[in-house]
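The values are calculated or read from the model by the stated rules, or taken from the named source; none is laboratory data. Since this is a predicted model, take the numbers as computed values, not measurements. Neighbour counts are summed over all protein chains in view; Cβ atoms, including those assigned to glycine, are modelled from backbone coordinates with ideal geometry.
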């Protein structure tokens, strides 16, 4: 900028000195022209050339003046721009200071960021190792998930089958519940009947406890053969095995009815040697049955019969061996006499 201003001042100085020279020269030319002869053609031509030169110089000076004016305007503009640039430079320097301070802060933050970056890298390394482990675990979990999904599919199929079975079971359950309800009603009726039956049984047990119990079972003897005799002999069954109610007397061979009722009586007669076997049944000394059997060729024979009699209390029953007949018994108890009360009247 200073160089431009110096050049402008130099041009202005040159213009001023040129103008003065032109004025002086013109005066001198006029004076010469006045002193010389107008008829001198060479001098006249020189004068014309000088005039033309002077005119050209003035033209150039005017052009230079215009240029100087323009340069002055341009200088003013440059000065204004310079002032603006100075202002902007100050602002830039202030901004530069701010930026330097910000840069220092940024350096501090950058250092902190670098430390944090190192920490982050360390954490990233740890996370990568952890991710590697987790990737392995994830692969294992995926395999387990595949297995679980396969099992789930199988279970869903089983559940579908079980759902169908459940519907069938529900129908059966409904039917069973209905049947159970019917059975509960029947059971209630049976409970009522059972209670009635139990009451009746208790009553019967009470009645039965009050009724007499009569039963006997006897065998004749261990002596072997009895008979034949010339007269009828009352058979005394001396081996008593059962005698509930003591209605049978082994000393007499008589069974005496303790209460009125219906009695069941049975006898068995065994014959071992040749001869006739027989037995008679007496009720109150009245014969009511006579059974006999002939023995041939020493072949053992049995004779068995039974009776159902209505007896009054005190009625007596006994067995008689007819004259001329035999009967055999020993430790095997082959000839027996038994009886019991069926029910009272």
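Here residue 271 clears all of (1) loosely packed, with under 14 Cβ neighbours inside 10 Å; (2) modelled with pLDDT under 95 except the condition numbered (1). Restricting to the range 193-235, and then to whatever is exposed (fewer than 10 other Cβ atoms within 10 Å of the Cβ) and within 26 Å of residue 290 (Cβ to Cβ), can you tell me which residue is farthest from the chain's Cα centre (by Cα)? Taking the candidates together, the pick is 230. Counting only residues that are assigned to a strand (DSSP E or B) and surrounded by 15 or more Cβ atoms within 10 Å (Cβ to Cβ), the range 294-343 holds 22 of them.
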